[in-house]
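The values are calculated or read from the model by the stated rules, or taken from the named source; none is laboratory data. Fair warning: this is a prediction, and the values are worked out from it, not measured in the lab. Ideal geometry is used to build each Cβ from the backbone, glycine not excepted, and the neighbour counts take in all protein chains shown.
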Amino acid sequence: MPRPLALRLLEAAPLLLFLAVILLFGTQSAGFLTAANAAQILAQAAPTVIVAVGMTFVLLTAGVDLSVGALMFIGAGVAGHLAIAGYPLPVSIAVMVAIGVAGGGVNALLVSRFGLVPFVATLATLYIGRGLGRWITETRAMNLPESFLVIGASEPLGLPLPVWAAAAVAVAGQCVLSTTPFGRYLYALGADPEGARKAGLPTRRLIAAVYVISGACAGLGGLLALARLGAVSPRFGEFYEFDAITASVLGGTSLYGGRGRVLPDTVVGALLIKTIFSGLVSVQADPYLYPLITATIIFLAVAVDSARSRLAARLTRRVIRVDA
Amino acid sequence: MNAAVAMAGIQKAFGGVPVLRGITLEVAPGSILGLVGENGAGKSTLMNILGGNVQPDAGSISVGGQPFSPRTPADARTAGIAFVHQELTLFGNLTIAENLHLTRFPRRWGLPWIDRRASVRQAADLLARVGLSQRADMLVERLTAGERQLVEIARAIGAQARVLILDEPTTSLGAVERGRLLSLLRELQDAGLAIIFISHELSEVLQICDSVVVLRDGQVAGTGSASTFSVQSLVALMVGREVRQLYPPVRAPGNQEPLLEVRRLGEPSVAHEISLTLHRGEMLGVFGLMGAGRSELARMLFGLDRHTSGDVLLEGRPLSGGPAQRIRRGLAFVTEDRRQDGLCLEAPVADNMTLVHLAALTRTPLRLIDRAALRAEVARMSTDVRLTRAAPHLPAGRLSGGNQQKVILAKWLLRPPRVLILDEPTRGIDVGARGEIYELLHRLADTGTGVLVISSELEELTGICDRILVMRQGEIGGEFPRDRFVREDLLRAALPVRVSG
């Protein structure tokens, strides 16, 4: 049975929307359709892409991780102190990722061991993380030494290092999801947790793993964001959780679990968001419009998601008779 | 020769209530054991113990002569026990091959990646063995219920199972798939598998099993070779008393006043020019094979799915809109999947029962729920549908299938509907509860309600209906008044006709 055109169109909606946005801003602003701007957008999107990859893993299990931005903040605070104290760069990098993993481990414990609802568990770690981060940074902005900016500034093979890092994470993420048993287990778990348990899948370990992965991605994403900004402000990492969720859902990951891909879906979603905001800047849109635009994007993402699943349900209905 | 499975003195109590009181049974390799009993007799608990889902309080199990005490489903699988559950456990968002290999994906050279080509190839072999002609890389959500059942069995075969437990395997199957499944079981039996077959379809049990164990109240009520039993004697053992007539006495059909009229209903690929009339006080059956479009017809009548052509009239006035509007006009619909569509499983019985007509149980001026009236109505309906032992505060999911169905009926009958549509109303329900549901439907029809019963069981329809319509391929293939109820004729009308071109 070939997939009907309407369904394929809806499934391609993120990509079509992406093209439309590029066309729209391209015709409105001369500087928009340039290689430099494209590289700029990619570099801006890199941290979001990485965090969103981790988020996709969590969303596949019908969970959610609201703590990613806060974990980025703690990691940045600690790494900032280390960098200022003169520790070499690799130490800061390792510490940031380790903090992400540790924070993810706390989420994993709360959700898989104590059975807390992911929304509530990660909301708690979000607040704890923000509080800890403020304590570590003493609610002051920290400016990092030059050595830290190397990550953001170096451009192997013509693209900024963060872009390569994001691409590597996305490719690795998709490989894990589509070619390893672990990845396929996540889809099974997201579709039917009780069935997954009955099938003998290690459901608790799987759930724990996605939060650890999400935490690690937050650590890595935080590192790249920090390398771009060169400073830790008290609002560092804020709203990354929403960007990541929006990117995943906009790309086609279902909030109900069991459906979604990192490549191309989540990556397209993340690039779409960043392109829109970059375009708004390039046409010098009123900054007060941004929240409205964000709201529209989220609304669109969810609307497309539900339209897609409704249509899929209708179209995969059994054919009872072959009409002449 | 060692028994494939031997269970001895198995006991289990839940919260102090004994469910199994010393069960002993054996099944030999290459034989099929039928396990029958009313709902709540302990069949599921017993098999859950064998499948590692539940631990027994006392007793011993051996598999192939070795002592066996599974603590998890994985232990049971390792020992070669495969369990095909009543509710299918496949993952719709994975492919057939992925479902077949879920916990043991083939890999190559010790790499962490799945060897997808090998997986698809092995899956195709298994599908060929069970006679399913679908591609192994097809998503399971695009298969029919019958096809999924075959995939489940393919999975058991692929897991090198020595013991295959099938819990109500044929309830979701049409006559043709059912036949195919039974012949597949024979093949597996010849290949040396020990099969435990749990079913309420007693004639099927007698037809396919070598021996039968009858459970009643957690004890073995009877056991022996299948040839020593008849359906009648099995039923007698199950209920522990001489069965009264399962089907209520033939009733005088209602008057011929049309109640629900369907005129040339059509929807591309689903329904073609369906016309029918349900009369006041009539019990009208709709028979058909799986996928004949019966459930789809019911959904259209209830406003759940749309139809592109034709009209539906209730008492001469057109029926339109969604379920809410149609319920207000007096329609009620008991769906085929009571766990999925019919009940809020976590919610208490009382909440489920009053869900549809909650607005009628409110007090002016603020329209707050009148708790006293609600309790009284729940008590009245519980008596009315003979819902024994089920406390109103218990979550509906904890009830047996028969009692769940009674809760659903009570929900609709709280305010008697003009038209009641039922889709497979007794699927997976024990004999005792069935009889009570049939009686209830007859009483309802006697008050003038038109009852439309969809069923795959001919016996059920011929037992309770005044008239039967047969559907095939989305259209009405025949109409049979009570004096022409001949099983062979009805079945023949249901068989698909070749579409030319």
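Assorted remarks:
- Of the residues making up the stretch B:33-75, those that are among the β-branched types (Val, Ile, Thr) and either part of a loop (DSSP other than H, G, I, E, B) or outside the structural domain of B:Leu164 (by TED's automatic domain parsing) (or both) are B:Val54, B:Thr72.
- Listing of helices (runs of 4 or more DSSP H) fully contained in the stretch A:229-324 that carry 2 or more residues being at pLDDT below 85: A:290-315
- Residue in the stretch A:151-159 that is among the β-branched types (Val, Ile, Thr) and part of a helix (DSSP H, G or I) present: yes
- Taken over the stretch B:89-130, the residue count meeting the criterion of being more than 9 Å from chain A (Cβ to nearest Cβ) and surrounded by 15 or more Cβ atoms within 10 Å (Cβ to Cβ) is 16.
- When B:Leu452, B:Leu422, B:Leu461, B:Leu440 are checked against the criterion of being assigned by TED's automatic domain parsing to the domain that holds B:Leu278, surrounded by fewer than 23 Cβ atoms within 10 Å (Cβ to Cβ) and either modelled with pLDDT of 90 or more or assigned to a helix (DSSP H, G or I) (or both), a single residue qualifies: B:Leu440.
- In the set (1) charged (D, E, K, R); (2) more than 14 Å from chain A (Cβ to nearest Cβ); (3) under 22 Å from the mean Cα position of the chain (by Cα), the condition left unmet by B:Glu488 is number (3).
- A:Ala121 vs. criteria more than 14 Å from chain B (Cβ to nearest Cβ) and either more than 23 Å from A:His81 (Cα to Cα) or not in a helix (DSSP H, G or I) (or both): yes
- Residue match in the stretch B:39-58 (condition: surrounded by 22 or more Cβ atoms within 10 Å (Cβ to Cβ), at positive phi and in contact with a Leu (Cβ under 6 Å, 6 or more places away or on another chain)): yes
Residues checked against (1) at pLDDT 90 or above; (2) buried (at least 16 other Cβ atoms within 10 Å of the Cβ); (3) under 20 Å from A:Gly269 (Cβ atoms); (4) away from chain B (no Cβ under 14 Å):
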| position | (1), (2), (3), (4) |
| --- | --- |
| A:Met1 | no, no, no, no |
| A:Pro4 | no, no, no, no |
| A:Leu10 | no, yes, yes, yes |
| A:Leu17 | no, yes, yes, yes |
| A:Asn37 | no, yes, yes, yes |
| A:Ile41 | yes, yes, yes, yes |
| A:Ala46 | yes, yes, yes, yes |
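- For the stretch B:204-216, the set of residues classified as over 22 Å from the mean Cα position of the chain (by Cα) and more than 16 Å from B:Ile32 (Cα to Cα) is empty.
- When B:Glu479, B:Glu424, B:Glu475 are checked against the criterion of being among the charged types (D, E, K, R), within 14 Å of chain A (Cβ to nearest Cβ) and closer than 30 Å to B:Pro268 by Cα, B:Glu475 stands alone in meeting it.
- In the stretch A:299-324, the residues that are facing chain B (nearest Cβ under 9 Å) reach residues that are at pLDDT below 60 with C-beta atoms within less than 6 angstrom, at least six apart or across chains, in these pairs: A:Val322/B:Val499.
- Condition broken by A:Arg204, with the remaining ones in (1) under 30 Å from B:Ala76 (Cβ atoms); (2) within 14 Å of another protein chain (Cβ to nearest Cβ); (3) at pLDDT 90 or above; (4) out of contact with any Ser or Thr (no Cβ under 7 Å at 6 or more places or on another chain) satisfied: (4)
- Residue ID - farthest from B:Ile468 (Cα to Cα), chosen from residues in the stretch B:289-309 that are in a helix (DSSP H, G or I) and either without any contact (Cβ under 8 Å) to a residue 12 or more places away in the chain or of a type in the set (Lys, Arg) (or both): B:Arg299
- Subset of the stretch B:425-437 (residues that are in a loop (DSSP other than H, G, I, E, B) and within 22 Å of B:Arg299 (Cβ to Cβ)): B:Pro425, B:Thr426, B:Arg427, B:Gly428, B:Ile429
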